[in-house]
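The values are calculated or read from the model by the stated rules, or taken from the named source; none is laboratory data. It should be emphasised that the depicted structure is a prediction, and the values quoted were computed from it without experimental measurement. When we count neighbours, we look across all protein chains shown, and the Cβ atoms used for this are built from the backbone with ideal geometry, even at glycine. With ligands, DNA and RNA removed, areas are computed over all heavy atoms of the protein, side chains included. Shrake-Rupley method; radii C 1.70, N 1.55, O 1.52, S 1.80 Å.
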Amino acid sequence: MYPGTFSASMPDKPAVIMAGTGETVSYRELDDRSTQLARHWRSVGLGPGDHVALLSENSPWFHVVYWAALRSGLYLTAVNRYLSPEEAAYIIEDSGSRSLITTGALADTATALLDLVPPLADRLVLDSPLDGFGDYHEVVGTQPVEPLPEQPLGSLMLYSSGTTGHPKGIKRPLTGTQVDDPSNQGIRALGSGLLGMDDDTVYLSPAPLYHSAPLAWSAAIHELGGTVVVMEKFEPAGFLRAIERYSATHTQCVPTMFVRLLKLPDDVRSAADLSSLRSVVHAAAPCPIEIKRQMIDWLGPIITEYYAGTEANGFTFIDSHEWLAHPGSVGKAILGVPHVCDDEGKELPPGQPGIVYFEQPQMPFEYHGDPAKTRAAQHPLHENWSALGDIGYLDEDGYLYLTDRKAFMIISGGVNIYPQEIEDVLVLHPKVADAAVFGLPDPEMGEFVQAVVQPAEGVEGSDGLAAELTDYLREHIAHFKVPRVIDFMAELPRLPTGKLYKRHLRDDYLRRSEASASG
């Protein structure tokens, strides 16, 4: 099902509510607005398989754009609003997007990136005049609200990088079915089957909608006829107020949010009426065992966890009762058959860590424009087994435990940060000869970004240079990627092949950190 189903049966029911302002989009409005945008895209020549991009903060229009793409056979790329113009431009150009929709809040990024991408067939701004962009409401608002005669199902194509190179679009084949075809299951089936989501669900989404999980799960609520409450930005006390104000039944968090919630004063936590909650889901990053125990003690056995990637090559799930019996596990597979293999592809016995693969009848995704990266994600012998680069093991009962993550990828506050992107910018600075970036443990964020720089010949590492490099990075990359700490070494360790021996360097920092903590 899709919003059009519920526009007919319950047109005035809220489909989206903004948590802070209370601004509401009804199912009729969601259906009509997304229909008009779908018709606009068709009128400017976009057809099934074409690509469109959205650069926006959390807003009541985010799901309008999503459903317009889904009901017209298009691929939608939601762009991280915190990227620099150069980073956003790369994604828009690489995706082949022919339309860009943005907002006044992102005006600086949106206007700057126009000079960095090929001419776009369609550029629209949602809420305020912007040079180079048409007024969304003037352009789209004149379109009819009757659905297109054919509404082929579109898809998301979000970007996720490996540990090297530019980010890559994760592309899944279009099914050819219509948007209202009941065979379209996806996350909707998981939500209803595992979490009891239905048309009475009030789903509180505290995370940025440009991420895969918040957007896909909230859209699944629209397939079920529930209501999505979107927080403009996560704030722990505000999160509790939103649960109480809107009687939220379901929500999804990352472990960093758990940490911040647990740090609230006891009287704030105890005063909140959370009795409406039926399920709290978490994913995106490893959750410390003690943090999860405290969350279960506080909220009861309604905490569930899954492990998956945007690639949708596999999916594991575990509820509170199972987790208490298997602490640290991310659960059993309910999508894909898991295999744990060594570097040569040989399957390993239970309890022995290796690369985690999931087997499906066929390869479920490709990396857009990068067949080599796609092939690298496949098992050496089985093309229908794919891996995201995570390391883990299975126990005798089939429960999966993760012991490491993609090589050197940093997860800070549930957000993936890729060191190579930062290193590539650092080494362009004239005072930098070499650079290594990696994550180190952080009690609240999970990890923080650490950089070690080899200064150029004749340059001394100093606090002043660290500040200069920090300012330089802030001009070229998103601020959340900028290292918290920049240290200096006379020479970084590299192998004879020229490969940076980063694991050795990071291990040295970890040992020093542990020694300092114990001392």
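Brief remarks on what is shown
- All of (1) open to solvent by 50 Å² or more (accessible area, probe 1.4 Å); (2) within 22 Å of the chain's Cα centre (by Cα); (3) not hydroxyl-bearing (Ser, Thr, Tyr) hold for ILE411 with one exception: (1).
- For the residues VAL52, VAL44, VAL65, the requirement of being under 30 Å from GLU244 (Cα atoms), among the hydrophobic types (A, V, I, L, M, F, W, C) and modelled with pLDDT of 95 or more singles out VAL65.
- Failed item, numbered, when LEU510 is tested on (1) out of contact with any Lys or Arg (no Cβ under 6 Å at 6 or more places or on another chain); (2) closer than 19 Å to VAL425 by Cβ; (3) at pLDDT 85 or above; (4) open to solvent by less than 40 Å² (accessible area, probe 1.4 Å): (2)
- Count of residues meeting criterion [without any contact (Cβ under 8 Å) to a residue 40 or more places away in the chain and assigned to a loop (DSSP other than H, G, I, E, B)] in region 370-393: 5
- Considering region 414-430, the residues that are hydrophobic (A, V, I, L, M, F, W, C) and without any contact (Cβ under 8 Å) to a residue 24 or more places away in the chain include one that is nearest to PRO286 (Cα to Cα), namely VAL427.
- Residue within region 90-103 that is in contact (Cβ under 8 Å) with a residue 40 or more places away in the chain, buried (at least 19 other Cβ atoms within 10 Å of the Cβ), over 23 Å from ALA216 (Cα atoms) and among the charged types (D, E, K, R) present: no
- Every residue from region 352-385 that is under 18 Å from PRO167 (Cβ atoms), in contact with a Phe, Trp or Tyr (Cβ under 8 Å, 6 or more places away or on another chain) and either modelled with pLDDT of 95 or more or not β-branched (Val, Ile, Thr) (or both): LYS373, ALA377
- Tally, over region 6-27, of residues that are polar (S, T, N, Q) and within 28 Å of the chain's Cα centre (by Cα): 3
- Every listed requirement among (1) surrounded by 24 or more Cβ atoms within 10 Å (Cβ to Cβ); (2) out of contact with any strand residue (DSSP E or B) (no Cβ under 9 Å at 6 or more places or on another chain); (3) not polar (S, T, N, Q) is met by PRO85 save one, (1).
- Test: residue in region 327-338 that is in contact (Cβ under 8 Å) with a residue 24 or more places away in the chain and basic (Lys, Arg): yes
- Pairs where the first residue, in region 51-74, is under 20 Å from ALA105 (Cβ atoms) and touching a residue at least 60 places away in the same chain (Cβ under 8 Å) and the second is open to solvent by 10 Å² or more (accessible area, probe 1.4 Å) and in a helix (DSSP H, G or I), C-beta under 6 Å, 6+ apart: GLU57/ALA105
- Only helices (runs of 4 or more DSSP H) whose full extent lies in region 1-118 are considered here, and the ones with at least 3 residues that are closer than 29 Å to GLY226 by Cβ are 3-9, 27-43, 62-70.
- The conditions of being surrounded by fewer than 17 Cβ atoms within 10 Å (Cβ to Cβ) and within 24 Å of PHE488 (Cβ to Cβ) are not met by VAL432.
- Condition check for ARG71 on (1) open to solvent by 40 Å² or more (accessible area, probe 1.4 Å); (2) within 20 Å of GLU223 (Cα to Cα); (3) charged (D, E, K, R): one failure, at (1).
- Strands (runs of 3 or more DSSP E) within region 147-240 that include 1 or more residues surrounded by fewer than 22 Cβ atoms within 10 Å (Cβ to Cβ), modelled with pLDDT under 95 and of a type in the set (Ser, Thr, Tyr): none
- Filtered by the rule that a residue be within 15 Å of LEU209 (Cβ to Cβ) and either of a type in the set (Ser, Thr, Tyr) or open to solvent by less than 20 Å² (accessible area, probe 1.4 Å) (or both), region 46-57 gives ALA53, LEU54, LEU55, SER56.
- When HIS379, HIS479 are checked against the criterion of being of a type outside the set (A, V, I, L, M, F, W, C) and surrounded by 14 or more Cβ atoms within 10 Å (Cβ to Cβ), a single residue qualifies: HIS379.
- Region 274-293, residues that are open to solvent by 70 Å² or more (accessible area, probe 1.4 Å) and within 16 Å of the chain's Cα centre (by Cα): PRO286
- Between LEU324, LEU264, the distinction of being open to solvent by less than 60 Å² (accessible area, probe 1.4 Å) and either at pLDDT below 95 or at negative phi (or both) belongs to LEU264 only.
- Scanning region 294-321 for residues that are farther than 28 Å from PHE358 by Cα, open to solvent by 20 Å² or more (accessible area, probe 1.4 Å) and in contact (Cβ under 8 Å) with a residue 24 or more places away in the chain gives GLN294, TRP298, LEU299.
- From the list GLU396, GLU447, GLU421, the one residue that fits, being assigned to a loop (DSSP other than H, G, I, E, B) and either of a type in the set (Asp, Glu) or at pLDDT below 95 (or both), is GLU396.
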